[in-house]
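Everything below concerns the one structure shown next.
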There are 2 protein chains.
Amino acid sequence: MQELHATHYFCQRESAENFKYAEPIPGPSSDQFAQLAAELDIVIVASIFERRTAGIYHNTAVVLDGQRGIVGTYRKMHIPDDPDYYEKYYFTPGDYAPGQSGFEPIHTSVGKLGILICWDQWFPEAARLMSLAGAEILLYPTAIGWDKQDTETEQTKQLDAWLTVQRSHAIANGLPVAACNRTGFEPAEPQSSTDKNSGIQFWGTSFVVGPQGEILAQASSNEAAVVIAELDLSQNESVRQAWPYLRDRRIDAYAELLKRYRK
Amino acid sequence: MQELHATHYFCQRESAENFKYAEPIPGPSSDQFAQLAAELDIVIVASIFERRTAGIYHNTAVVLDGQRGIVGTYRKMHIPDDPDYYEKYYFTPGDYAPGQSGFEPIHTSVGKLGILICWDQWFPEAARLMSLAGAEILLYPTAIGWDKQDTETEQTKQLDAWLTVQRSHAIANGLPVAACNRTGFEPAEPQSSTDKNSGIQFWGTSFVVGPQGEILAQASSNEAAVVIAELDLSQNESVRQAWPYLRDRRIDAYAELLKRYRK
């Protein structure tokens with residue numbers, strides 16, 4: 001599912017009113033999806049504005065696996081804050097506790113899912129940590145779009161960069177990647193009709209790529225769609241044997257990746 | 001310049017004979033390029049099979065800057081070893097000494113160059129470490145091509161993956177990236193004419209992309225070319241202000257990037 005699918009994308013404005021959309025996990029939304037996953041015997045990745053306690057709220061993916069109910073959650077680790085995406089106001093970043101929380105794949109009946117959320121998709125570190133922990137697929141619930149005031153050239157560049165950086169995670173790690181994005185226009189203030197141009201044109205284009213970054217399925221930019229692709233996870237291993245990046249990482253020389261800046 | 005431009009790509013076979021191509025730095029090749037850089041008042045990035053001492057040989061980029069001569073070297077950090085690319089036999093991996101060798105940009109009169117070589121291009125860690133050390137451009141001397149026995153579909157996938165992963169380094173780090181690749185067919189055994197199909201069809205396609213991964217210039221796959229692009233390095237900062245990934249890296253949660261595998 002796309003990011004924060006239960007509501008409009010309320011992060012276009014900072015307003016304490018919006019905390020009313022937060023809910024616990026388990027809670028009404030996860031219960032509803034758990035029921036659906038059981039009924040259809042499928043795995044669902046839902047995206048929930050999570051109330052962990054008074055004052056701690058997360059942007060959380062919850063995974064429902066058939067009869068098993070909730071099999072794991074992932075709390076968004078990288079939180080953006082840019083004009084129209086005021087997420088640092090709402091979301092506490094996910095915790096890091098090796099083996100427990102942070103970049104930890106979720107084991108399901110269809111494979112080990114490396115679930116990351118939106119802004120995480122721009123960070124090769126996140127994709128790498130998931131693949132090093134055994135993730136077999138990366139999945140990105142997403143809410144990203146255009147500012148209508150940008151030129152068409154700039155809009156094309158942005159969408160292309162978004163596709164490119166995620167395809168690169170597939171390539172660098174030898175696994176499939178899927179992103180599910182919102183689509184359609186959402187005004188900055190849903191209650192008001194004063195400024196029809198102020199808002200985000202979510203660019204859709206949800207996609208699935210294989211372990212060489214090859215596009216297997218892709219939605220259009222302006223229509224809701226169900227994107228279907230068949231994945232053979234055994235390809236991860238044959239691709240990694242042909243392109244053995246994981247063999248050759250210079251872990252003796254990567255220590256400064258843990259610095260903000262090297263100067 | 002493309003990777004190991006002074007000779008054919010001798011790594012298609014393991015043969016002690018080929019160590020005769022190695023030379024010191026400074027040495028004949030670097031002297032020649034130093035002279036040319038001074039004469040034309042330009043910066044040249046040359047690629048040399050370096051003899052450091054008896055038994056230690058590197059795949060090294062050397063940077064010549066106008067009248068200043070050699071201003072820095074970079075020794076390839078990630079060494080491949082795959083059918084037709086037997087580089088681990090020839091090249092000792094570059095050393096890591098923070099601030100001295102490893103992923104260290106080279107200061108030149110045209111900017112701080114983050115020089116990486118071929119196989120390095122598949123590792124987001126290398127690109128990140130260079131940008132965190134202040135690199136303003138990434139440059140990849142390269143020798144990569146097709147195996148003629150692969151299908152056209154597979155060949156297209158490989159070239160596309162190569163472009164995609166390098167464009168993603170530009171995007172993730174907000175800086176331009178350029179790659180200079182060999183072109184043309186080189187038989188596995190230049191001295192023999194017995195098997196005309198055994199060899200590498202180097203795929204050219206040398207390119208320059210801007211800090212959003214947008215392609216500014218690109219050569220064809222089968223002809224030698226000079227690729228020219230004008231870069232405004234001040235764009236790095238405006239792009240990074242719009243897409244502030246470096247602000248949001250979770251350095252508190254990246255420790256396990258230093259592991260071979262997290263299990």
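Quick notes
- Given (1) within 9 Å of chain A (Cβ to nearest Cβ); (2) more than 30 Å from B:GLU14 (Cα to Cα), index of the condition B:VAL227 fails: (1)
- Within segment B:212-224, the set of residues being of a type in the set (A, V, I, L, M) and either open to solvent by 40 Å² or more (accessible area, probe 1.4 Å) or facing another protein chain (nearest Cβ under 10 Å) (or both) comprises B:ILE215, B:LEU216, B:ALA224.
- Residues of segment B:240-263 classified as facing another protein chain (nearest Cβ under 10 Å), assigned to a helix (DSSP H, G or I) and either of a type outside the set (Asp, Glu) or touching a Leu at 6+ places or on another chain (Cβ under 8 Å) (or both), total: 11
- Residue match in segment B:158-165 (condition: open to solvent by 20 Å² or more (accessible area, probe 1.4 Å) and in contact with a Gly (Cβ under 8 Å, 6 or more places away or on another chain)): yes
- Segment B:207-232 residues that are under 15 Å from B:MET1 (Cα atoms), paired with ones that are open to solvent by 30 Å² or more (accessible area, probe 1.4 Å) and of a type in the set (Ser, Thr, Tyr) (beta carbon under 8 Å, 6 or more apart): B:ALA219/B:THR183; B:GLU223/B:THR183; B:ALA224/B:THR183; B:ALA225/B:THR183
- Those residues of segment B:188-211 which are at pLDDT 95 or above and either in a loop (DSSP other than H, G, I, E, B) or open to solvent by 20 Å² or more (accessible area, probe 1.4 Å) (or both), in sequence order: B:GLN201, B:GLY204, B:THR205, B:SER206, B:GLY210, B:PRO211
- Only a single criterion out of (1) within 14 Å of chain A (Cβ to nearest Cβ); (2) buried (at least 21 other Cβ atoms within 10 Å of the Cβ); (3) touching a strand residue (DSSP E or B) at 6+ places or on another chain (Cβ under 9 Å) is not satisfied by B:ARG182, namely (1).
- Pick from segment A:230-239, criterion away from every other protein chain (no Cβ under 14 Å) and of a type in the set (A, V, I, L, M), ranking: surrounded by the most Cβ atoms within 10 Å (Cβ to Cβ): A:LEU231
The values are calculated or read from the model by the stated rules, or taken from the named source; none is laboratory data. What you see is a predicted model, and the numbers here were worked out from it, not measured in a lab. Counting neighbours? That spans all protein chains shown, and the Cβs are built from the backbone with ideal geometry, glycine included. The accessibility values were calculated without ligands, DNA or RNA, using every heavy atom of the protein model including side chains. Shrake-Rupley method; radii C 1.70, N 1.55, O 1.52, S 1.80 Å.
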